[in-house]
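Engineer: My questions all concern the structure below.
What follows is calculated from the coordinates using simple rules that are stated; it is not laboratory data. All values derive from a computational prediction rather than experimental measurement. As a convention, Cβ positions derive from the backbone with ideal geometry for all residues, glycine included, and neighbour counts pool all protein chains shown.
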Amino acid sequence: MAELYELTITEARRRLDAGDITSVQLTEAVLERIAAVDSQVRAYLAISDDLAMRQARAADARRRAGNATGPLDGIPLAIKDVINVQGLTTTCGSKIIENFVPPYDSTAVARLKDAGAVLLGKTNCDEFAMGSSTERSAFFVTHNPWDLERVPGGSSGGSAAAVAAGAALGALGTDTGGSIRQPASLCGVTGLKPTYGRVSRYGLVAFGSSLDQIGPFAWTAQDCALILGAIAGADPHDSTAAPQPVPDYVAGLNGDVRGLRVGVPKEYFVEGLEAGVEAAVRDALELLRANGAEIVDVSLPHTKYALPVYYIIAPAEASANLARYDGVRYGVKQAGDSYWDELERTRGSGFGAEVRRRIMLGTYALSAGYYDAYYKRAQQVRTLIRRDFEQAFAQVDILAAPTSPTVAFKIGEKTDDPLAMYLEDVCTLPINLAGMPGLVVPCGFSAGLPVGLQLIGRPFDEGTLLRAGDAYQRLTDWHTRRPALTAST
Ligand code: GLN
């Protein structure tokens, strides 16, 4: 029988409802698992065990009184450390705000709390979510539970690794260019980037404001559906959080892909795509076809511009968003001879190398004389990229593609080569530029390491993505595989 920390959310909920287990038992089991394995994985920047145990006891009391608040009541989850939880430090993986304690909850977290979730702690990430390996955290590197010498992906590597290691039943991450989907793929778990505007960004520390979205990690599409249902929807605190009604995502999971038109964009089978990754993705497509889906070749002709366009727009937005960190109210502060001197020293030492690179790239792209040539041009090409998707979705219901060209790579392998690191997201960042939702489900292994299938949907059609991902998971058992991680003594 599975250990409690290995349960899916759906199964844990069934056992909680049946009275077989309590949230206190479940939460204790996960906290013990964290104690046993997190010295190796290092998924967590901070563990909020007091808060978690208080919430677990409250959840049990509600259940005993017949007042359980829904499917997440009593379920232990982890939160990426760019998302505010009132009273817990938000570091964003950065020294520049390492002692910032937010006095309020982000909307996503407030909604998880309302749904009764138990919060285990804050997970590690690349500094300000800039990166694809979690090696850019200012604090430490997170290790992939499938092979501790490899990266978990990033930037939400701590959240993905926590789920994969049994150190949380689910987690929130954020995805600006791939930061939920790529680590989900590299850690062998399921991850969803919702449509831009599906989930409020209030209380999420901004990286690229036109690209960022909060979304869930869990073992299954069904569990991601539960979390998305809890956190999605309009929010008076964020005018970009869309008013579209939030459907019952779980009710839509009927296991059926018959007649589903699945487009396969040829541009996503990129140069440098590992043979084992391609084979796993093609096998998954074949299985969908064998079960009644119609597989159609499509083209998204502007795909090749997505990487350069992203690396203008995302740094431009980041340079504006990060201008507020001046060390005056919180974080590190370096003394200097004047205000400017202080600012230069503070920002020069408080931000890590990758963040400084983004600020310089972004400031350059926005500066007078270059704005039209770079930023404006990039926005125009972004429109062409979005139109590619609109045209494809006139023919098909969803798209299917690889998530990352590679499986998890060795720690240190790409840190000296920013371009190699940026190429990790070549199959994910066009989706952010277009604002579409993307779901990643485990679809096999290459050289013993997990591979994820990426499904891309129409705006606000997470329902179809989740239905396809869930149907795939009813046909396969990749999402039931667990890494052979042994407790350190
Ligand atoms: N790896 C990409 C970057 O560094 C995407 C990061 C993200 O999605 N937050 O910008």
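Engineer: Using alpha carbon coordinates only, what is the Rg to Rh ratio of the chain, with Rh defined as the Kirkwood radius?
Structural biologist: Values: Rg = 21.1 Å, Rh = 22.2 Å.
Over the Cα atoms of the chain, Rg/Rh equals 0.95.
Engineer: Ignoring everything except DSSP H segments at least 4 long, calculate the 222 nm mean residue ellipticity for the chain; use -39,500 (n - 2.57) per segment, divide by total residues, nearest 500.
Structural biologist: Value at 222 nm, helices only, nearest 500: -11500 deg cm²/dmol.
Engineer: How far is the Cα center of the stretch 427-489 from the Cα center of the stretch 235-283, in Å?
Structural biologist: 9 Å
Engineer: Continuing with this model, one more query. With +1 on each Lys and Arg Cβ and -1 on each Asp and Glu Cβ, how big is the dipole of the stretch 196-259 about its Cα centre, in debye rounded to the nearest 20?
Structural biologist: Rounded to the nearest 20 debye, it is 100 debye.
Engineer: Now for a separate question. Count of lysine pairs in the chain with Cα atoms under 22 Å apart, counting only pairs 8 or more residues apart in sequence or on different chains?
Structural biologist: Count of close lysine pairs: 14.
Engineer: Could I ask something else about it? Write down the percent of antiparallel bridges among all DSSP beta bridges whose residues are both part of the chain, to the nearest 5.
Structural biologist: Within the chain, antiparallel bridges account for around 70 percent of the total.
Engineer: Still on this model: So who's got an amide H within less than 5 Å of the one on residue 150, skipping anything under 5 residues away but keeping other chains? H placed 1.01 Å off N, in plane.
Structural biologist: Hits under the 5 Å cutoff: 144, 411.
Engineer: Considering only DSSP states other than H, G, I, E and B, which chymotrypsin sites (Phe, Trp or Tyr not before Pro) in the stretch 80-131 qualify as loop sites with at most 16 other Cβ atoms within 10 Å?
Structural biologist: 104
Engineer: What longest region of the chain stays clear of GluC sites (Glu not before Pro) that DSSP places outside H, G, I, E and B and that have at most 13 other Cβ atoms within 10 Å?
Structural biologist: By the stated rule (loop sites, at most 13 other Cβ atoms within 10 Å), 272-489.
Engineer: From the residues 210, 446, 488, which one has its Cα farthest along the dipole of the chain in the positive direction, the dipole being from +1 and -1 charges on Cβ of Lys/Arg and Asp/Glu about the Cα centre?
Structural biologist: 210
Engineer: Relative to the Cα centre, what is the charge dipole magnitude of the chain, using +1 at the beta carbon of each Lys and Arg, -1 at the beta carbon of each Asp and Glu, and rounding to the nearest 20 debye?
Structural biologist: That gives the chain a dipole magnitude of about 580 debye.
Engineer: What's the extension gain from residue 390 to residue 254 if we count 0.36 nm per residue and subtract their Cα-Cα distance?
Structural biologist: Values: separation 136, 0.36 × 136 = 48.96 nm, distance 2.61 nm.
Full extension of this stretch gives 46.3 nm more.
Engineer: Within 15 Å, Cβ to Cβ, of residue 42, how many net charges do the neighbouring residues add up to if Lys/Arg are +1 and Asp/Glu are -1?
Structural biologist: Taking every other residue near residue 42 into account, the sum is -1.
Engineer: Whole-Hz ³J(HN,Hα) for each residue in the stretch 356-363, computed from phi via Karplus 6.51 cos²θ - 1.76 cosθ + 1.60 with θ = phi - 60°, x for glycine and proline: what do you get?
Structural biologist: 5, 4, 5, 4, 5, 4, x, 5
Engineer: What residues have an amide H closer than 5 Å to that of residue 121, excluding those fewer than 5 places away on the same chain, when H is modeled at 1.01 Å from N in the peptide plane?
Structural biologist: For residue 121, whose amide H was placed from the backbone, the distant partners under 5 Å are 48, 79.
Engineer: I need the phi-derived Karplus couplings for the stretch 95-100: 6.51 cos²θ - 1.76 cosθ + 1.60, θ = phi - 60°, integer Hz, Gly and Pro marked x.
Structural biologist: 6, 5, 10, 5, 10, 7
Engineer: What whole number of Å gives the distance from the Cα centroid of the stretch 368-426 to the Cα centroid of the stretch 23-76?
Structural biologist: 37 Å
Engineer: Starting from the Cα of residue 488, step 7 Å toward the Cβ, then list every residue of the stretch 33-63 with an amide N under 15 Å from that point.
Structural biologist: 33-45
Engineer: With unit charges on the beta carbons (Lys and Arg positive, Asp and Glu negative) and the dipole taken about the Cα centre of the chain, which residue among 402, 430, 4 sits farthest to the positive side?
Structural biologist: 430
Engineer: Among 145, 167, 19, whose Cα lies farthest out toward the positive end of the dipole of the chain, if unit charges sit on the beta carbon of Lys, Arg (+1) and Asp, Glu (-1)?
Structural biologist: About the Cα centre, the residue reaching furthest to the positive side is 19.
Engineer: Oh, and also: Assigning unit charges at the beta carbon (Lys, Arg +1; Asp, Glu -1) and nothing else, what dipole magnitude in debye, to the nearest 20, does the stretch 190-304 show about its Cα centre?
Structural biologist: On the way: 9 positive and 14 negative charges, 40 e Å.
Using Cβ point charges on Lys, Arg, Asp and Glu, the stretch 190-304 gives about 200 debye.
Engineer: Net charge near residue 124: determine it from the other residues with C-beta under 11 Å of the C-beta of residue 124, scoring Lys and Arg +1 and Asp and Glu -1.
Structural biologist: -1
Engineer: Given H placed 1.01 Å from N in the peptide plane, which residues other than close sequence neighbours of residue 444 have an amide H under 5 Å from its amide H?
Structural biologist: Hits under the 5 Å cutoff: 451.
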